[in-house]
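Worksheet: the structure to be examined is printed underneath.
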Amino acid sequence: MPVAVAMSSGVDSSVAALLLKRSGSPIFGITMVLHEKHAQAARHAAQICRFFGAEHHVFDFTAEFEHCVLSPYWQTYRKGRTPNPCVPCNAKMKFGLLFEKARALGAQSMATGHYACLSPSHRGEVPRILRPASDLPDETYFLYAIDPKIRSSLLFPLGGKSKDEVRALAKDAGLDSWSRPSSKDTCFPELARQGMRACRWSVFDEKGHFLGRSRTLSRVTVGQRKGLGLPLGEKMFVLRVDPLLAKLVVGPQERLYARRLRAVDVIWSSGGAPGIPLQVEAKARYNQVVASATVEVEDVGQVMVSFAEPQRALTPGQSVVFYRNRELLGGGVIESVMNGSEG
């Protein structure tokens, strides 16, 4: 049976298809259109599929994307949180609706251009998602919420490869995508700009002293320093955001660090919480390195995470993701951050 390759116009999915083709797997391409900016990408994906002599199928998920991802994305911002839309987009769109379309077209498996690894499966065991080696690209942070039941039908051909290696493979094969920027994260920057508006923020320090008014865009996040448009005389960073009151609290960089957070909507890759308290490696932003932490269950789908060392800019709305060695254990959405004795 053929393998469906989730195709964009980028180099990663192109090389995923290339590697499968070279291994002798029959392939076809599937592309999801989430907004009008994706139309050109779909045409490029079709060209890449023709290069491989493979069929290409396009699915318009614009309405579903608006309902499942984009609308919650803005609702979260309006609550003063900074969401990570790639997590629900992967779970509900690419590994949800698109995966269902792949199976309906007769695919045995679906491959993507994510930099992630899968463990060998034995005796029908569901494979585990693994982080690549520490010096290689790792996108497992975005995959914790996908349905464990479909992991046996997934392929990540780029796991264990570097970006330079992937571009070199594309160039040597004559794929014009070798020099094209990565297609990842193309769903949101443009759409985010469409949803932003100018906002007149009242800016305070932590003691409640009024520092002035900042006219900037409505999308402000914890840890931000640039773009506030307010001369503060020293390096000050956003510590808290209250969009209902149009209020920002700023302070020095050291006040961005905290050890503890509460996470909700926690999903475990095994289907249930491992033995608790659980010693893990965790990361609370995609571009952070993993750090030692302890996870304790507070309620169904809710945990308290205590880091061994203070972490910078732990931000409500972002995801915190848990690992043991290289294995992806699960993750959740940061609900609140505790400083000092707060609980």
Going by what's in this entry, would SER9 be described as in a loop (DSSP other than H, G, I, E, B), more than 18 Å from ALA63 (Cβ to Cβ) and either of a type in the set (S, T, N, Q) or assigned by TED's automatic domain parsing to the domain that holds ALA168 (or both)?
yes
For the range 134-144, which residues satisfy the criterion of being surrounded by fewer than 22 Cβ atoms within 10 Å (Cβ to Cβ) and touching a strand residue (DSSP E or B) at 6+ places or on another chain (Cβ under 6 Å)?
none
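Please indicate, with yes or no, whether at least one residue in the range 121-133 is aliphatic (A, V, I, L, M) and at pLDDT below 95.
Yes; the residues of the range 121-133 include at least one that is aliphatic (A, V, I, L, M) and at pLDDT below 95.
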Kindly indicate whether any position in the range 70-83 is modelled with pLDDT under 95 and either within 21 Å of LYS101 (Cβ to Cβ) or aliphatic (A, V, I, L, M) (or both).
yes
Name the single residue, out of those in the range 19-40 being in contact with a Phe, Trp or Tyr (Cβ under 6 Å, 6 or more places away or on another chain) and under 13 Å from ALA4 (Cα atoms), that is surrounded by the most Cβ atoms within 10 Å (Cβ to Cβ).
MET32
Which numbered condition in (1) in a loop (DSSP other than H, G, I, E, B); (2) hydrophobic (A, V, I, L, M, F, W, C); (3) buried (at least 17 other Cβ atoms within 10 Å of the Cβ) is the only one that ILE334 fails?
(1)
Residue count for the range 217-238, restricted to those that are surrounded by 18 or more Cβ atoms within 10 Å (Cβ to Cβ), assigned to a loop (DSSP other than H, G, I, E, B) and over 23 Å from the mean Cα position of the chain (by Cα):
2
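Residue by residue, here is whether (1) over 24 Å from SER319 (Cα atoms); (2) touching a helix residue (DSSP H, G or I) at 6+ places or on another chain (Cβ under 8 Å); (3) assigned by TED's automatic domain parsing to the domain that holds ASN325 holds:
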| position | (1), (2), (3) |
| --- | --- |
| LEU136 | no, no, no |
| PHE142 | no, yes, no |
| SER152 | yes, no, no |
| GLY159 | no, no, no |
| ASP164 | yes, no, no |
| TRP178 | yes, yes, no |
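Give the residue, chosen from ARG128, ARG50, ARG123, ARG103, that is exposed (fewer than 14 other Cβ atoms within 10 Å of the Cβ), under 24 Å from LYS149 (Cα atoms) and of a type in the set (Lys, Arg).
Criteria check complete, one pass: ARG123.
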Just checking, does the range 277-287 include any residue being without any contact (Cβ under 8 Å) to a residue 24 or more places away in the chain, within 25 Å of LEU136 (Cβ to Cβ) and within 16 Å of the chain's Cα centre (by Cα)?
yes
Among the candidates ARG215, ARG312, ARG255, residue that is over 30 Å from LYS149 (Cβ atoms) and at pLDDT below 85
ARG215
Exactly one condition in (1) farther than 18 Å from GLY271 by Cβ; (2) touching a Lys or Arg at 6+ places or on another chain (Cβ under 7 Å) is not met by VAL126; state its number.
(1)
Looking only at strands (runs of 3 or more DSSP E) that lie completely in the range 239-329, which have at least 2 residues being surrounded by fewer than 16 Cβ atoms within 10 Å (Cβ to Cβ) and not small (Gly, Ala, Ser)?
257-268, 291-299, 302-312
Residue in the range 183-195 that is modelled with pLDDT under 90, touching a Cys at 6+ places or on another chain (Cβ under 6 Å) and either among the polar types (S, T, N, Q) or not assigned by TED's automatic domain parsing to the domain that holds LYS235 (or both) present
no
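Here is a yes/no grid of residues against (1) closer than 17 Å to VAL15 by Cβ; (2) part of a helix (DSSP H, G or I):
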site	(1), (2)
PRO127	no, no
ALA133	no, no
PRO137	yes, no
TYR141	no, yes
ILE150	no, yes
ASP164	yes, yes
ALA170	yes, yes
How many residues are charged (D, E, K, R), in contact (Cβ under 8 Å) with a residue 60 or more places away in the chain and assigned to a helix (DSSP H, G or I) if we restrict to the range 66-102?
3
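The values are calculated or read from the model by the stated rules, or taken from the named source; none is laboratory data. These numbers come from a predicted model, not from an experiment. Reconstructed Cβ throughout: ideal geometry from the backbone, glycine too, with neighbour counts over all protein chains shown.
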